[in-house]
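The values are calculated or read from the model by the stated rules, or taken from the named source; none is laboratory data. Here the structure is a predicted model, which means the values were calculated and not measured. Quick reminder, even Gly has a Cβ in these numbers, built from the backbone with ideal geometry, and neighbours come from all protein chains shown. Surface accessibility is based on the protein's heavy atoms, side chains included, excluding ligands, DNA and RNA. Shrake-Rupley method; radii C 1.70, N 1.55, O 1.52, S 1.80 Å.
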Amino acid sequence: MARRLHLIVPIILLFAGLALRSADPAVLVGFRVQIFDFYQELKPREFQPSGVKIIDLDDASLEKLGQWPWPRLLLAELVERLTDAGAVAIAFDIVFAEPDRSSPRRAVESWPVTRQTADIRERVASMPDYDEEFAAAIARSNVVAGFVLLGDGGRKPALKTGYAYAGDEVTDFVPSYGGSVTSLPIIEQAAAGNGSFNNVPEIDGVIRRVPLLVQYDGEIYPTLAAEALRIAQGASTIIIKASGASGEVSFGEVTGITDVKIGHVPASTDKNGRILLYDTGHVAARFIPAWQVFEDDFDARQVRDHILFVGTSAAGLMDIRATPLSQSIPGVELHAQVIEQMLLQDFLERPDYADGLELVCLLVFGLILVLVLPRTGAAWGGLVTGIGIAAALGFSWYAFVELRLLFAPIYPSIIALFVYLSSSIISYLRTEAEREQVRSAFSRFMSPALVEQLAEDPSRLKLGGEMRDMTLLFCDIRGFTTISEQFDAVGLTRLINRFLTPMTNVILDRRGTIDKYMGDCIMAFWNAPLDDADHVRNGCRSALVMMDRLGPLNEELRKEAADEGRTDVPIKIGIGLNTGECCVGNMGSDLRFDYSVLGDDVNLASRLEGQSKSYGVDIVIGENTQVRADGFVTLELDLIQVKGKTVPVRIFALMGDEALADDTTFQALLANHGDMLAAFRGQEWMRTRALVAECRERAPGLGLGPLYDLYDERCDAFEADPPGDDWDGVFVATTK
């Protein structure tokens, strides 16, 4: 059955992937276009001057020439200057839907009719109308007016373009609208051309396809870019080819528009007559600020023989669009880019056969994996999968860069990866069953982490060790003999287990390893067998949490003692922590061994646990641990030479974590405590006692009374028997 699963499950996944790709839901379409956007980010279209410029109504122009809308008389002058400079077409990315209110005739309409204003009204009536002046300037030039198509309302735009059709009915594919906002009739009639501004962003708000054609009331209209290109060439018609036309291969299918030719310039489009935007991003070289055109020294060569778009980049006019390479470019720049692509014949295309080719590649690649994986194993299967994915990515990138064709490599690659993973998981499950024999054999004797490593690599079942930077912890119950007198052997065993269980969980939850239990003592370490870059902090955190867990446990034991009528002796523990280089590995004989740790720093950790009782604190840590315990609060205890060692070490009490570090009272205690130690080591016994008294006052509730009692006793002893001038402040411990 397992061998059949190697075929059944991957085949099911493969055909499910084929079905999903055939349906091509919106989420896959969005995923695909994001990939193509990424390609354009890696290799955007290089900007090349191609005879297209934008006369920019930018912020500087608005500041110099007045706020928008400008008087049409000023726009008429703009048209005349650009025409005189040699522009071949001037397309306004602006709708002039309402009469110019700044025109004198319009302005006086809002005045009250009085005797005083009558004479002025008569004079104004003879003055030129700005809209008429603007229309007259347009009529003397090659100007393209614009309109916006909407859902409904408005009047029918003026159609100035002729069409020649070949193939299937074009109106079945061109986006259709039922309403419009058009320029004034006087302006439309004077203009040489009339085009739509419409750009439809995709579901994520990004414009990736720019239309050349739109539809209103069953008639096809050009967009502003298409009309500007037609007027610049003096062409009268636009040729539209669709499926079914001569020379178009569609295998009898109605696949939509294939090509649009404007004058002598052809363009490959999608089925809806849209050009895929091959984005350059925003390019400042396309723009000429409008105010410069009005300057006496304006260089006419900048616009001679150019197609000009008049539009705005001013932030306040809100003509901002998102493209594959930019979240905000002026909308007029899209019209300019489309004409650039047509003039340079630099198009991106997703061919009609792209979906079919991707499905075939997915099927072939998937079947190869289904057949190969059960015979080669995960490693070779992964290599085959990787080569296939790399080939798909390489071909897709080559097609984009060299052929300007868009093929999506990711979806076939993902399905192939799922096929590979499903086969590998089945193989893993079968292997895991074999490894379970190793786990069951050793799980009772070794740490779970080590058992997992042995299951992965049985060759590690041999003697040997390695040097690692580790943190060691020793924990022991104080006064265990007194506690044991309250219980028989069974009861004492139950008590020890109740203590060891929560303490063990604290350590294991923080990536620690239990080395061994020695009666009421726990030995643990961090950073072996698994790496733990934060082993010092994990060790410190474990020690603090272990102390916190004692409270609830002692409360349970107190209630039980009261119920059983015996004396309650609460559990108190001491903990020692140290950090350093140790040898960790399998220790023992060839027949029986244990995963443990050896080293001088291990012995020091054990000695520090013993000193916790001498100094009356819960947790004692070595200097190696203290300097690396970022965020934890420590208090220096002493400079001590522990039993069995000849080199003194600084030892510290671990007092708490970040919460205590922010306590201002404790910060004052730290300063006082440091002064006290300095006075003590300087043999200033009276000053030491005074500072000890201050420390007591600043440390209520911290359990430091025994520590300060110890320093008072030492002051008394040294005052009676001075240590001598060569004393270095080291205390030599006589007990473990």
Self-check item: Within the stretch 581-614, tally of residues that are in contact with an Asp or Glu (Cβ under 7 Å, 6 or more places away or on another chain), closer than 14 Å to ILE651 by Cβ and open to solvent by less than 20 Å² (accessible area, probe 1.4 Å)
Solution: 1
Quiz item: Does at least one position in the stretch 501-508 carry a residue that is modelled with pLDDT under 90 and either closer than 30 Å to ASN624 by Cα or more than 55 Å from the chain's Cα centre (by Cα) (or both)?
Solution: yes
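Just name the residue that is farthest from the chain's Cα centre (by Cα) out of those in the stretch 462-477 that are modelled with pLDDT under 90 and in a strand (DSSP E or B). Spell out the reasoning first.
First pass over the stretch 462-477, keeping only residues modelled with pLDDT under 90: 462-466.
Cutting the leftovers down to in a strand (DSSP E or B) gives us 464-466.
Working: GLY464: 44, GLY465: 41, GLU466: 39 Å.
So, considering only residues that are modelled with pLDDT under 90 and in a strand (DSSP E or B), the one farthest from the chain's Cα centre (by Cα) is GLY464.
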Self-check item: Residue match in the stretch 403-411 (condition: in a helix (DSSP H, G or I), modelled with pLDDT of 75 or more and more than 31 Å from the chain's Cα centre (by Cα))
Solution: yes
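Each row is one residue, and each column tells you yes or no for (1) at pLDDT below 90; (2) surrounded by 15 or more Cβ atoms within 10 Å (Cβ to Cβ); (3) in contact with a Phe, Trp or Tyr (Cβ under 6 Å, 6 or more places away or on another chain).
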residue: LEU184; (1), (2), (3): no, yes, yes
residue: GLY193; (1), (2), (3): no, yes, no
residue: PRO211; (1), (2), (3): no, yes, no
residue: ALA232; (1), (2), (3): no, yes, no
residue: GLY256; (1), (2), (3): yes, yes, yes
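For (1) farther than 30 Å from ALA354 by Cβ; (2) assigned to a loop (DSSP other than H, G, I, E, B), each residue gets a yes or a no:
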{"site": "ILE240", "(1), (2)": "no, no"}
{"site": "VAL254", "(1), (2)": "no, yes"}
{"site": "THR258", "(1), (2)": "no, no"}
{"site": "ALA267", "(1), (2)": "no, no"}
{"site": "ASN272", "(1), (2)": "no, yes"}
{"site": "GLN292", "(1), (2)": "yes, no"}
{"site": "PHE309", "(1), (2)": "yes, no"}
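Within the group SER459, SER427, SER423, which residue is among the polar types (S, T, N, Q), assigned to a helix (DSSP H, G or I), surrounded by fewer than 12 Cβ atoms within 10 Å (Cβ to Cβ) and modelled with pLDDT under 75?
Values: SER427 fails: surrounded by fewer than 12 Cβ atoms within 10 Å (Cβ to Cβ); SER423 fails: surrounded by fewer than 12 Cβ atoms within 10 Å (Cβ to Cβ).
None of the others qualify; the one that does is SER459.
Can you list the helices (runs of 4 or more DSSP H) lying wholly within the stretch 570-670 that have 3 or more residues being in contact (Cβ under 8 Å) with a residue 60 or more places away in the chain and under 46 Å from the mean Cα position of the chain (by Cα)?
Details: elements: 600-615, 623-626, 658-661.
Helices (runs of 4 or more DSSP H) meeting the threshold: 600-615.
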Quiz item: Which members of the stretch 507-524 meet the condition of being open to solvent by less than 60 Å² (accessible area, probe 1.4 Å) and in contact (Cβ under 8 Å) with a residue 40 or more places away in the chain?
Solution: THR513, ILE514, ASP515, ASP520, CYS521, ILE522, MET523, ALA524
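Residues are listed down the side, and each one gets a yes or a no for (1) surrounded by 16 or more Cβ atoms within 10 Å (Cβ to Cβ); (2) at pLDDT 95 or above; (3) farther than 12 Å from GLN215 by Cβ:
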site	(1), (2), (3)
LEU150	no, no, yes
GLY154	yes, no, yes
THR171	no, no, no
SER176	no, no, no
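Output the residue which, of all residues in the stretch 311-336 that are assigned to a helix (DSSP H, G or I) and either modelled with pLDDT under 90 or under 31 Å from the mean Cα position of the chain (by Cα) (or both), is surrounded by the fewest Cβ atoms within 10 Å (Cβ to Cβ). Let's see the steps before the verdict.
We begin by selecting, within the stretch 311-336, every residue assigned to a helix (DSSP H, G or I); these are 315-317, 332-336.
Applying the additional criterion that residues be either modelled with pLDDT under 90 or under 31 Å from the mean Cα position of the chain (by Cα) (or both) yields 315-317, 333-334.
Details: ALA315: 12, GLY316: 9, LEU317: 18, GLU333: 26, LEU334: 23.
By that ranking, first place goes to GLY316.
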